[in-house]
Amino acid sequence: MKLLLFILLLLTVGCSTPSSEINMQDLHELQIEHSVEISESEELLLGSITNLLVDSDGDIIIVDGSQRYIYALSSNGDFIQQVGGRGSGPGEYEFPGPVALSDDNKLHLFDFSSRTMITYAKENGQWEYHSDFAANFNEYGFFSRFFPIANDEYFVVTNAMQVDNEDGTVVRKIDNNGNVVQDSVYTYPQNERFTVLQNGMPRMSMTIPNIHRQGRFNVDYEGNQYFGWTDSLTIFRKNKGESKFNPVLNLNVSNLPFTDAARDTLLSRYEAILSDNNQARRDLISSFPDTKPIYADYKIDDQGRIWVQMFNREEDTEWVLFSDDGDPLYKLSLPDGNNLRTVRHGSIYTVENTEEGLPVINIYSIVS
């Protein structure tokens with residue numbers, strides 16, 4: 001019933017607001033200037049950057065997923081410290097996963113190995129171990145995304161095995177002891193998936209942003225909550241203290257068709273999975289929709305503006321900037337290979353890889 005009510009809420013709100021048309025080609029290009037490049041140094045040995053955050057002071061937190069370390073850098077890229085360390089003691093981790101910053105500049109890390117949420121507090125420019133708690137996956141399922149909110153509580157986005165007799169995704173609120181404060185804050189169907197079969201048995205289930213309809217839940221710096229499906233440019237927002245979602249974006253954008261070249265490019269990315277399974281390859285080809293999703297992801301900056309990573313006619317994506325009221329402002333074309341990670345303090349933070357495979361952080365100042 002909760003699932004049905006949530007879907008009806010979105011449909012009712014979405015249908016009650018007329019959509020407007022937009023032509024992305026008419027938007028002016030956002031002007032940016034490259035200001036800082038951060039690369040490997042004697043103190044900063046990098047393998048891959050899986051997460052990048054910027055706190056209210058402008059300091060940068062990065063997670064090196066391959067070497068499994070967390071580093072703090074200044075806004076100019078100067079090394080500050082390694083946050084925590086490898087191990088099983090207080091403040092230590094083995095496989096750092098998602099990270100998030102709360103509005104009091106506390107850094108929250110989920111360690112996949114110990115299934116522990118670890119919090120570091122910033123004092124005198126340094127992050128020190130503050131507290132931790134064990135997540136209870138038996139109670140609310142595995143989560144790969146979380147959002148710290150007021151009163152040392154968290155929204156966790158979990159994939160439940162069964163929700164009202166349907167596979168689904170559930171947003172729950174937990175406290176800083178890992179206990180559920182509010183169950184099924186939001187409940188919505190799981191992302192569309194493609195299941196690889198081998199000898200008639202499920203081998204792997206994949207959801208591919210370039211192909212499948214996916215739900216996107218987000219929280220901004222003010223605690224407002226967002227939700228949207230990637231197959232249309234309708235994004236809902238529930239302002240802090242309000243009881244329901246309302247569309248902040250509801251724009252009429254045509255889904256672009258898939259080309260044979262786009263399909264081949266996508267298939268090549270999953271060659272390692274499909275190479276020994278011709279039936280899986282045929283099934284994946286037959287499951288391709290006629291059109292692409294509208295967007296891959298969106299981010300909210302510290303001014304409440306919405307940055308949407310939209311698919312273009314090629315196999316690439318481009319970013320479009322909307323105001324906090326949903327008005328289209330600019331389009332943004334980043335240099336090749338630059339993946340936008342966050343926008344804060346009037347700057348865009350991206351990560352690219354060199355020809356040698358080493359990650360580089362680029363900071364671009366927004367000019368207009």
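The values are calculated or read from the model by the stated rules, or taken from the named source; none is laboratory data. Here the structure is a predicted model, which is why all the values come from computation and not from measurement. All Cβ positions, even for glycine, are placed from backbone atoms using ideal geometry, and neighbour counts span all protein chains on display. Quick note on the areas: whole protein, heavy atoms, side chains included, nothing else; ligands and nucleic acids left out. Shrake-Rupley method; radii C 1.70, N 1.55, O 1.52, S 1.80 Å.
Taking all protein chains into account, the per residue accessible area for the range 58-176 stands at 44 Å² (1.4 Å probe). Pairs with C-alpha atoms separated by more than 23 Å, drawn from the list LYS292/LYS331; LYS106/LYS240; LYS106/LYS244; LYS244/LYS292, are LYS106/LYS244; LYS244/LYS292. Taking every protein chain into account, the accessible area of the range 311-368 amounts to 47 square angstrom per residue (probe 1.4 Å).
Here the range 47-178 has 39 percent of its accessible surface on carbon and sulfur atoms, given a 1.4 Å probe and all protein chains in place. Distances between placed amide hydrogens fall under 5 Å for ASP103 paired with no residue 5 or more residues away or on another chain.
Less than 5 angstrom separates the built amide H of TYR69 from those of ASP64, all sequence-distant by 5 or more or on a different chain. Taking the Cα centre of each part, how many Å lie between the range 214-266 and the range 38-65? When both Cα centres are located, 28 Å separates them. Let me check I've understood the local charge: for ILE49, count other residues with C-beta under 13 angstrom from its C-beta, Lys and Arg +1, Asp and Glu -1. What total comes out? Neighbour charge sum, excluding ILE49 itself: -1. For ILE80, the residues 5 or more places off, or on other chains, whose built amide H falls under 5 Å of its own are ALA72, LEU73, SER74.
For the range 68-82 versus the range 329-367, the spacing of their alpha-carbon centroids is 18 Å. Taken one residue at a time, the phi angles of the range 332-349 give Karplus couplings (6.51, -1.76, 1.60, θ = phi - 60°) of 9, 10, 8, x, 3, x, 8, 9, 5, 10, 7, 10, 7, 6, x, 9, 10, 10 Hz. Gly and Pro are set to x.
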